[in-house]
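Chemist: Below is one structure. I have some questions about it.
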Amino acid sequence: MATTVEQRRHLATAIPGPRSQALQSRKLAAVSAGVGTGMPVYVERAGGGILVDVDGNQLIDFGSGIAVTTVGASAPRVVEAVKRQVEDFTHTCFMVTPYEEYVAVCEKLALLTPGDHKKRSALFNSGAEAVENAVKVARVFTGRTAVVAFDHAYHGRTNLTMALTAKSMPYKHGFGPFAGEVYRAPMAYPYRWTGDRERTAEEAFEAFATQVHAQVGEQNVAAVIIEPIQGEGGFIVPPAGWLRRVAQWCREHGILLIADEIQTGFCRTGEWFACDHEGVVPDLITTAKGIAGGLPLAAVTGRAEVMDAVHAGGLGGTYGGNPIACAAALAAMETMEVDDLRGRARAIEKLFLGRLQQLAEKFDVIGDIRGRGAMLAIELVKGRGDTTPNPELTAALNKYCHAHGLVTLTCGTYGNVFRFLPPLSISDELLSEGLDILEQAFVANA
Ligand code: PLZ
């Protein structure tokens, strides 16, 4: 039986409590300073919408470990599947002696990802690794080298994915030189579009196409990589039609479209994948995070002819598609289907948007409300008519929420986006209570 976590916020000590503080001292003495900590409370148990820390505090989770525990941090089916698999075997290496779970995950990915064409997948350990491999596949298939990524993009922290990621501090600063043949194009960011905001989709597409034509040359481009809703960059939702136009342009030029759905995938936005909202079928899609209920697993799924263009042995890794992670993924995907987590994400969107709109009427520092499903955010600015980013207020709100037992995250190129990524297993009561805390944070700080 999975340990059941009481679904109630409870503060037993100040946050962080004494045990967390002691652990944080040990962390500072043992863990590299390069590994940051957003909220130094040490977790003992978690499930549903609650994290229980080592001091007995019960915190409401609005972060899901950055969009990972979509089904919850101890979803019963996942827990059972993992226990069973650990008892059977932990590892053989799929490249040495394979096992069914890996194949079953790839079969499921073929069914769930956008498009009904023939697909193949390859499994990896992290999102960054999936992105790297998607680029490798695209280069082999097209015989071209250039990759185009967008302003505000986040694709990971390895060398190639750092090059694809837009933001310098903290992701890239001091870590260069970066991989070559990566080019950056303007993003369709409606709130900060400097042209005609009503025409962001058209103008942003034109700016993108003109720049790639002039600076890279379409015939040199293997792939365009895009988060259909940008994550770390600020939960930026491009306007309707833009992604479809980019996809069409890619087709016209023999360029592969890679959708990075590592953060947006697996019911997070109210559909299986964010591309589904736009009816866009990417050639390659990268997934990770929510796929396996908390276990490390990532995938590249793509058109059969594209994925099969790679020579045997060209893709792999010791742990890629580890059997425990695959068993967890099968159970997580079953949970999403049986519990209709797409519907749950849409219900969460409704609940949140109503409250966030009320907040925006009271606090003019909320410049924009955006997102889809259970991937929502507010962008904080200086005040009415002044869209200057307000990272100080963002940090202050975050601090207030943490101190009051609500686990929250920020993001954005300018550090001024307050984002919400609750597990889809959270109750409406906890969501409302979390939003009450957020409102109090505004009252105290704005
Ligand atoms: N692509 C769209 O969101 C991971 C990063 C947190 P990994 N996002 C959270 C941090 O500060 O490291 C992410 C993503 C998108 C790729 C990745 C990378 O996935 O599993 O972290 O490698």
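Chemist: Among the residues in the range 10-29, are any open to solvent by less than 20 Å² (accessible area, probe 1.4 Å), within 16 Å of the ligand (Cβ to nearest atom) and either in the same structural domain as P423 (by TED's automatic domain parsing) or modelled with pLDDT of 95 or more (or both)?
Modeler: no
Chemist: Looking at the structure I just gave you, is A223 over 14 Å from the mean Cα position of the chain (by Cα) and among the aliphatic types (A, V, I, L, M)?
Modeler: Details: over 14 Å from the mean Cα position of the chain (by Cα): yes; among the aliphatic types (A, V, I, L, M): yes.
The answer is yes for A223.
Chemist: Restricting to the range 371-395, count the residues that are part of a strand (DSSP E or B) and farther than 12 Å from Y191 by Cα.
Modeler: 8
Chemist: Being of a type in the set (K, R) and more than 22 Å from G294 (Cβ to Cβ): is that true of R346 here?
Modeler: yes
Chemist: Take A138 and tell me if it is surrounded by fewer than 19 Cβ atoms within 10 Å (Cβ to Cβ), more than 12 Å from the ligand (Cβ to nearest atom) and under 23 Å from E278 (Cα atoms). Steps first, please.
Modeler: Details: surrounded by fewer than 19 Cβ atoms within 10 Å (Cβ to Cβ): no; more than 12 Å from the ligand (Cβ to nearest atom): yes; under 23 Å from E278 (Cα atoms): yes.
Judged against the criteria, A138 is not a match.
Chemist: How many residues are in contact with a strand residue (DSSP E or B) (Cβ under 6 Å, 6 or more places away or on another chain) and free of Cβ contacts under 8 Å to residues at least 60 places away in the same chain if we restrict to the range 399-409?
Modeler: Going through the range 399-409, the residues in contact with a strand residue (DSSP E or B) (Cβ under 6 Å, 6 or more places away or on another chain) turn out to be 405-407, 409.
Remaining after also requiring free of Cβ contacts under 8 Å to residues at least 60 places away in the same chain: none.
Looking only at that region, the number is 0.
Chemist: Within the range 397-415, count every residue that is in a loop (DSSP other than H, G, I, E, B) and either open to solvent by 30 Å² or more (accessible area, probe 1.4 Å) or in contact with a Gly (Cβ under 8 Å, 6 or more places away or on another chain) (or both).
Modeler: Residues of the range 397-415 in a loop (DSSP other than H, G, I, E, B): 404-405, 408, 412-415.
Retained after the next criterion (residues that are either open to solvent by 30 Å² or more (accessible area, probe 1.4 Å) or in contact with a Gly (Cβ under 8 Å, 6 or more places away or on another chain) (or both)): 404, 408, 412-414.
The number of residues fulfilling the criteria is 5.
Chemist: Considering only residues that are open to solvent by less than 30 Å² (accessible area, probe 1.4 Å) and touching a helix residue (DSSP H, G or I) at 6+ places or on another chain (Cβ under 8 Å), which ones fall in the range 183-197?
Modeler: A185, P186, M187, A188, Y189
Chemist: Out of all the residues in the range 30-51, which are away from the ligand (no atom under 16 Å from the Cβ) and among the aliphatic types (A, V, I, L, M)?
Modeler: A30, V41, V43, A46, I50, L51
Chemist: For the range 284-335, enumerate the residues that are over 16 Å from E132 (Cβ atoms), among the β-branched types (V, I, T) and touching a Gly at 6+ places or on another chain (Cβ under 9 Å).
Modeler: I291, T335 - these are the residues of the range 284-335 that are over 16 Å from E132 (Cβ atoms), among the β-branched types (V, I, T) and touching a Gly at 6+ places or on another chain (Cβ under 9 Å).
Chemist: Something else about it: Looking at the range 5-122, what helices (runs of 4 or more DSSP H) fall wholly within it and have at least 3 residues that are under 25 Å from the mean Cα position of the chain (by Cα) and β-branched (V, I, T)?
Modeler: Ranges flagged: 76-88.
Chemist: Which numbered condition in (1) touching a helix residue (DSSP H, G or I) at 6+ places or on another chain (Cβ under 8 Å); (2) on the phi > 0 side of the Ramachandran plot is the only one that G65 fails?
Modeler: Status for G65: all satisfied but (1).
Chemist: From the residues in the range 200-235 that are within 16 Å of the ligand (Cβ to nearest atom) and touching a Leu at 6+ places or on another chain (Cβ under 8 Å), which one is farthest from V182 (Cα to Cα)?
Modeler: Taking the candidates together, the pick is F235.
Chemist: Can you tell me which residues in the range 204-221 are open to solvent by 50 Å² or more (accessible area, probe 1.4 Å) and charged (D, E, K, R)?
Modeler: The answer is E206, and nothing else.
Chemist: Related question: So which residues in the range 141-155 are part of a loop (DSSP other than H, G, I, E, B) and either away from the ligand (no atom under 14 Å from the Cβ) or open to solvent by 10 Å² or more (accessible area, probe 1.4 Å) (or both), if there are any at all?
Modeler: G143, R144, T145, D151, H152, Y154
Chemist: Working only within the range 373-396, note down all residues that are in contact (Cβ under 8 Å) with a residue 60 or more places away in the chain and buried (at least 19 other Cβ atoms within 10 Å of the Cβ).
Modeler: Those that are in contact (Cβ under 8 Å) with a residue 60 or more places away in the chain and buried (at least 19 other Cβ atoms within 10 Å of the Cβ): G373, A374, M375, L376, A377, E379.
Chemist: Has the range 382-400 got any residue that is within 21 Å of D151 (Cα to Cα) and of a type in the set (D, E)?
Modeler: no
Chemist: Would you check which residues across the range 426-446 are open to solvent by 50 Å² or more (accessible area, probe 1.4 Å) and either over 22 Å from A14 (Cα atoms) or hydrophobic (A, V, I, L, M, F, W, C) (or both) and list them?
Modeler: Across the range 426-446, the qualifying residues are D428, E429, V443, A444, A446.
Chemist: Moving to a separate point now. S425 - would you say it is touching a residue at least 40 places away in the same chain (Cβ under 8 Å), polar (S, T, N, Q) and outside any helix (DSSP H, G or I)?
Modeler: Details: touching a residue at least 40 places away in the same chain (Cβ under 8 Å): yes; polar (S, T, N, Q): yes; outside any helix (DSSP H, G or I): yes.
Considered against the rule, which asks whether it is touching a residue at least 40 places away in the same chain (Cβ under 8 Å), polar (S, T, N, Q) and outside any helix (DSSP H, G or I), S425 comes out as yes.
Chemist: Among the residues of the range 79-98, is any modelled with pLDDT of 95 or more, open to solvent by 70 Å² or more (accessible area, probe 1.4 Å) and closer than 19 Å to R268 by Cβ?
Modeler: no
Chemist: Out of A345, A395, A332, which single residue is touching a Ser or Thr at 6+ places or on another chain (Cβ under 8 Å), assigned by TED's automatic domain parsing to the domain that holds A274 and of a type in the set (A, V, I, L, M)?
Modeler: A332
The values are calculated or read from the model by the stated rules, or taken from the named source; none is laboratory data. None of these values were measured; they are calculated from a predicted model. Neighbour counts are summed over all protein chains in view; Cβ atoms, including those assigned to glycine, are modelled from backbone coordinates with ideal geometry. Ligands, DNA and RNA are stripped out before the accessible areas are found, and what is left, the full protein with its side chains, is counted by its heavy atoms. Shrake-Rupley method; radii C 1.70, N 1.55, O 1.52, S 1.80 Å.
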